[in-house]
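I have placed the structure first, in the form of structure tokens, so that the comments after it can refer back to it.
The values are calculated or read from the model by the stated rules, or taken from the named source; none is laboratory data. Not measured: the values here are computed from a predicted model. No Cβ is skipped: glycine too gets one built from the backbone with ideal geometry, and neighbour counts run over all protein chains shown. Accessible surface areas use protein heavy atoms only, side chains included; no ligands, DNA or RNA. Shrake-Rupley method; radii C 1.70, N 1.55, O 1.52, S 1.80 Å.
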Amino acid sequence: MSAASAPDLHQTVVAVRAQIETGCAALRAAYEVRALTTPLLHGRAALVDAAIVRLWQNCHIPARVALVAVGGYGRGELFPCSDVDLLILLEEPPDDELGTILSTLVSALWDIGLAIGHSVRTIDECLDAAEADITVQTNLLEARLLTGDTALFEQFGKRYYAQLDAQAFFRAKLLEREQRYARYNDTPYALEPNCKESPGGLRDLQLLGWIARAAGLGHNWRELARRRLITGNEANDLRGCERFLQHVRIGLHYLTGRAEDRLLFDYQERLAQVMGIQANAAKRASEILMQRYYLTAKKLTQINGILLLNYGGEILPGRESPAIVIDAHFQAVRELLDIRDDKVFEHHPSALLDCFLLLQQRSELKALTARTLRALWLSRVHVNAAFRADPENRAKFLAIFQQKRGIVHAFRWMNQSGILSRYLPPWRKILCQMQHDLFHAYTVDQHTLLVLRNMRRFTMGEHAHEYPLMTRLILGFEQHWLLYVAVLFHDIAKGRGGDHSTLGMADAREFCETHGLPTEDTELVVWLVRHHLTMSHVAQKEDTSDPQTIQRFAAIVGDERRLAGLYLLTHADIRGTSPKVWNGWKGKLLEDLFFATQRLLRGATPQQALRLDDRIDYAQQILRYHGLRNGIEEALWKRLDTVYFMRHSAEEIAWHARMLYFQVDVAKPVVKTRVTDEDTGMQVMVYAPDQKNLFLRLTGFFSRMGFSILEAKVHTTRHGYALDSFILQNTDDDEDNYRDIVSLIEHDLAEVLRTPDKIVRPSPGRLSRQVKHFPITPQISLRADEAGRHYILSITAADRPGLLFDIAEVLASHDIDVETARINTLGERVEDTFLLTGGGLAQEARAIKIERELLERLQPH
């Protein structure tokens, strides 16, 4: 046994590295001239094969060792920046000398520029690892001998396939797929999907190939078609999906120079250009690319479901189970709904809707058979104008909303099979449509289905602990299925230009009237579509401690049924935008507005609706609960006016009193911090003699500490003290460290406030990727309130570090005081509202100057 000398090996490494670089450049040049994926992927694998074998030979590896390609490399496919997975197969564990030689080989492989993933195992070790880990078993499934001991490799193959249990492998891969889907929220329609791992990505195609290979069903799509597991057209569709996704992944690797599989906003526009996609009058090139991607993922998901069902029929026992007749058109086969005749939908188109109704009505049916799925997809063309006008079909479509179970699944099936976009023509326009508003994380159609899921969860006992108020409201809502209709139409007019809430009203009204809904129900649905953003706007951007705000909102709502419906829709809608948009603070704002409006609609005065007297009484009860004697709060409360009690909750009032009753006239700043009820943020109270630029200095401190301000309540007492309260959230979403830094904030902020002349600007930070590629034009509105005593500043802009400090600095430079601030962050977009006094705002020229300065500061750095 001998190894190559160091100089010889070094020369070989240099030569092989140059060979790979030249070969890869030639492959890329050929691909750019004529974009064919197979020559590129197979060509790179062959290039790497030759390089590895040459190094292997140069290292003088012993005869009883085999070098094996595994994983994607074993398939003979290598993307431009993919890892090269190798198995060094041994007859017995290596001794020290062999270990040194193999270490030299692996180092040399890295030196020639390959990203190597390798393992050194005996056959027994391979089989043990495969038994314990489905990932290892899958990698070994595509093992390909590169060089070395052929007999040893053949022995490995025989033992591997003898151990391989196709049924267990099939079940394990389905579980693995389920876990992978869960990591991507079970949808291919995220705005920044992973073209390899997301549902509908390349991994789904690989999954189909692995199962077929393990079960001996075929090695390519044509072989599966010959076995009638898929049709010839479906085989062509799978190859088309595969080619498109390969182009996407190749383009990402070349653009980034690394194994990047995420379609981030940073790459979408450039990738579209690389793939020869041109913008048109209506859409950017990136939007056209992504719509093609989503449609490809949709088609792949559809065929994937059909093929996996057929695999199950071939691989799992009990495939000959007798059919149980349900009616003239359908039967049950192994807990799956099956059509009794392949042409049933062609002869009886209305049975298309019966299919979904039966799934809802018969709990023993888990899903659809492969041939039913295929027939649904192929028969969607029968859903035409005559089908939509048929009263029987209209009644069936409404019945889908009204079932006790399976509503979300039914609409997902209808969307996936193309039935929904055929039945509701406006739905076609939002199918796979991207949303560049910086806070929606999904396409419009998928967002709508998520909102429908959220609304359904309000009715389910297993979710009652999460949404107790919503559950109580929806179960008391007569014909709550009308809310599902409103959900389906609330965003249906997006992307048409203009106000989608107003445009969607027409679609909702036409649907309700053509489907025979009573006038009262029609008006409810249309009203909900028109106002689905109103409650969120009022709760997050207006001063809900002002009785006039509650009065105006109550006048829009009109009655309790509409109020309950709008509250439910608003809650479901916000939760369906993105996992990052919803938080407990927004939930509290909506809940407070709901109850205040409910009391007003039940006959209370505006002041009674805000429950000021009850709030004070409850605050006193809290103080007594904490053991404080009667009247101890008066020292502080006599220095506070009615506005303070209107703008703070009873719990906040009691907290302030507990912290300050013994130090009302203290000269030093008092800073107190507590974690919010749901541990999703913290509340900071600042009490100190009022000082110039206090709000500016506080915003700067919180920004430097890495916190976003969700809400600020600024109050000046009758004796000239500032009593300010802030709700904060960590910008890095780390919820575990709030309790750990309470003392730190209290100490450091107090120190900052003791040096009033020092103002430290926070670091500007970096713009997010979304803002870079989908910028928002800042908008400002500055107007007097109805009483003319305050001014309301509304700002919409792209979020960035230090934004609030810049706003506060402009206001401070004009001696403007901030009384309240509502900081509403929607993903990467902020919609902030400030209640202001001072600064000569009544002078038009002064107000214009302030607006101009704010606009300049709001521009992205």
Open item on the list: Could you go through segment 793-809 and let me know if any residue there is over 30 Å from Ser578 (Cα atoms), in contact with a helix residue (DSSP H, G or I) (Cβ under 8 Å, 6 or more places away or on another chain), at pLDDT 90 or above and not polar (S, T, N, Q).
Closed with: yes
TODO: For Tyr311, work out the one condition from (1) in contact (Cβ under 8 Å) with a residue 24 or more places away in the chain; (2) farther than 23 Å from Glu392 by Cα; (3) surrounded by fewer than 19 Cβ atoms within 10 Å (Cβ to Cβ) it doesn't fulfil.
DONE: (3)
Open item on the list: Condition first: of a type outside the set (A, V, I, L, M, F, W, C) and open to solvent by 10 Å² or more (accessible area, probe 1.4 Å). Now tell me which residues in segment 436-452 satisfy that.
Closed with: His436, Asp437, His440, Tyr442, Gln446
Open item on the list: List the residue pairs whose Cβ atoms are under 8 Å apart, where the first residue sits in segment 224-250 and is surrounded by 14 or more Cβ atoms within 10 Å (Cβ to Cβ), the second is part of a loop (DSSP other than H, G, I, E, B) and of a type in the set (A, V, I, L, M), and the two are 6 or more positions apart or on different chains.
Closed with: Leu224/Leu217; Leu224/Ile230; Leu229/Leu217; Leu238/Ile230; His247/Ala35; His247/Met275; Val248/Leu263; Val248/Met275
- [ ] Tell me which residues, restricted to segment 773-832, are open to solvent by less than 20 Å² (accessible area, probe 1.4 Å), over 23 Å from Lys588 (Cβ atoms) and of a type in the set (Asp, Glu).
- [x] Asp806
Task: Search result, residues across segment 136-184 that are over 17 Å from Gly74 (Cβ atoms), of a type in the set (Gly, Ala, Ser) and free of Cβ contacts under 8 Å to residues at least 40 places away in the same chain - done: Ala151, Ala162, Ala168, Ala172, Ala182
Open item on the list: Regarding segment 503-523, can at least one residue be identified that is free of Cβ contacts under 8 Å to residues at least 24 places away in the same chain and within 22 Å of Leu590 (Cβ to Cβ)?
Closed with: no
- [ ] Taking Ala386 as the residue in question, decide whether it is open to solvent by 10 Å² or more (accessible area, probe 1.4 Å) and at pLDDT 95 or above.
- [x] yes
TODO: Please enumerate the residues belonging to segment 342-378 that are over 14 Å from Asp327 (Cα atoms) and charged (D, E, K, R).
DONE: Asp342, Lys343, Glu346, Glu364, Lys366, Arg371, Arg374
Open item on the list: Yes or no: segment 196-218 includes at least one residue that is under 30 Å from Arg496 (Cα atoms), in a loop (DSSP other than H, G, I, E, B) and open to solvent by 30 Å² or more (accessible area, probe 1.4 Å).
Closed with: no
Open item on the list: Pairs please, first residue from segment 551-562 and closer than 14 Å to Gln598 by Cβ, second anywhere and open to solvent by less than 70 Å² (accessible area, probe 1.4 Å) and in a helix (DSSP H, G or I), Cβ atoms under 6 Å, 6+ apart in sequence or on different chains.
Closed with: Gln551/Pro606; Phe553/Val538; Phe553/Thr597; Ala554/Thr597; Ala554/Leu600; Ala554/Leu601; Val557/Leu563; Glu560/Leu601
Task: Output for segment 576-608, where each listed residue is among the basic types (Lys, Arg) and either over 31 Å from the mean Cα position of the chain (by Cα) or modelled with pLDDT of 90 or more (or both) - done: Arg599, Arg602
Task: Test result for Val684, under 40 Å from the mean Cα position of the chain (by Cα) and open to solvent by 50 Å² or more (accessible area, probe 1.4 Å) - done: no
TODO: Output the helices (runs of 4 or more DSSP H) that fall wholly within segment 560-628 and possess 3 or more residues being open to solvent by less than 60 Å² (accessible area, probe 1.4 Å) and more than 26 Å from Tyr184 (Cα to Cα), or say none.
DONE: 560-575, 584-601, 612-625
Task: Filtered residues of segment 460-477 (kept if under 23 Å from Glu523 (Cα atoms) and under 24 Å from the mean Cα position of the chain (by Cα)) - done: Met470
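Pick out the one residue from Ser763, Ser743 that is part of a helix (DSSP H, G or I), of a type in the set (Ser, Thr, Tyr) and either open to solvent by 60 Å² or more (accessible area, probe 1.4 Å) or under 26 Å from Ala654 (Cβ atoms) (or both).
Ser743
Could you name every one of the strands (runs of 3 or more DSSP E) located completely within segment 666-731 that has at least 3 residues being in contact with a helix residue (DSSP H, G or I) (Cβ under 7 Å, 6 or more places away or on another chain), among the hydrophobic types (A, V, I, L, M, F, W, C) and on the phi > 0 side of the Ramachandran plot? Step through it out loud before you land on a result.
Details: elements: 670-675, 682-689, 707-716, 721-730.
In segment 666-731, no matching strands (runs of 3 or more DSSP E) lie anywhere.
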TODO: Hey, could you check segment 347-361 for residues that are in contact (Cβ under 8 Å) with a residue 24 or more places away in the chain and over 32 Å from the mean Cα position of the chain (by Cα) and say which is surrounded by the most Cβ atoms within 10 Å (Cβ to Cβ)?
DONE: Asp354
Task: Which numbered condition His480 misses (of (1) within 27 Å of Asn583 (Cβ to Cβ); (2) under 24 Å from the mean Cα position of the chain (by Cα)) - done: (2)
TODO: Determine whether Lys638 is out of contact with any Phe, Trp or Tyr (no Cβ under 7 Å at 6 or more places or on another chain), under 21 Å from Thr716 (Cα atoms) and surrounded by fewer than 18 Cβ atoms within 10 Å (Cβ to Cβ).
DONE: yes
- [ ] Take segment 514-559 and flag every residue that is under 27 Å from Arg783 (Cβ atoms), modelled with pLDDT of 95 or more, open to solvent by less than 20 Å² (accessible area, probe 1.4 Å) and part of a helix (DSSP H, G or I).
- [x] Met535, Phe553, Ala554, Val557
Open item on the list: Give all pairs with beta carbons closer than 8 Å in which a residue from segment 742-758 that is within 16 Å of Leu694 (Cβ to Cβ) meets a residue that is open to solvent by 40 Å² or more (accessible area, probe 1.4 Å) and modelled with pLDDT of 90 or more; count only pairs at least 6 apart in sequence or on separate chains.
Closed with: Ala750/Lys668; Arg754/Lys668
- [ ] For segment 494-513, state whether one or more residues are closer than 29 Å to Arg599 by Cα, under 25 Å from the mean Cα position of the chain (by Cα) and open to solvent by 30 Å² or more (accessible area, probe 1.4 Å).
- [x] no
Task: Filter result for Val274 (open to solvent by 40 Å² or more (accessible area, probe 1.4 Å) and of a type in the set (Val, Ile, Thr)) - done: yes
- [ ] State which residue is surrounded by the most Cβ atoms within 10 Å (Cβ to Cβ) when the search covers only segment 692-708 and only residues that are in contact with a Leu (Cβ under 9 Å, 6 or more places away or on another chain) and farther than 14 Å from Leu728 by Cβ.
- [x] Phe695
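Does Lys692 satisfy the condition of being among the charged types (D, E, K, R), at pLDDT below 90 and touching a strand residue (DSSP E or B) at 6+ places or on another chain (Cβ under 6 Å)?
no
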Task: Enumerated strands (runs of 3 or more DSSP E) restricted to segment 773-842, each holding at least 2 residues that are in contact (Cβ under 8 Å) with a residue 40 or more places away in the chain and under 27 Å from the mean Cα position of the chain (by Cα) - done: 791-798, 816-826, 829-838
Open item on the list: Among the residues that make up segment 51-74, is at least one of them within 22 Å of Arg258 (Cβ to Cβ) and open to solvent by 60 Å² or more (accessible area, probe 1.4 Å)?
Closed with: no
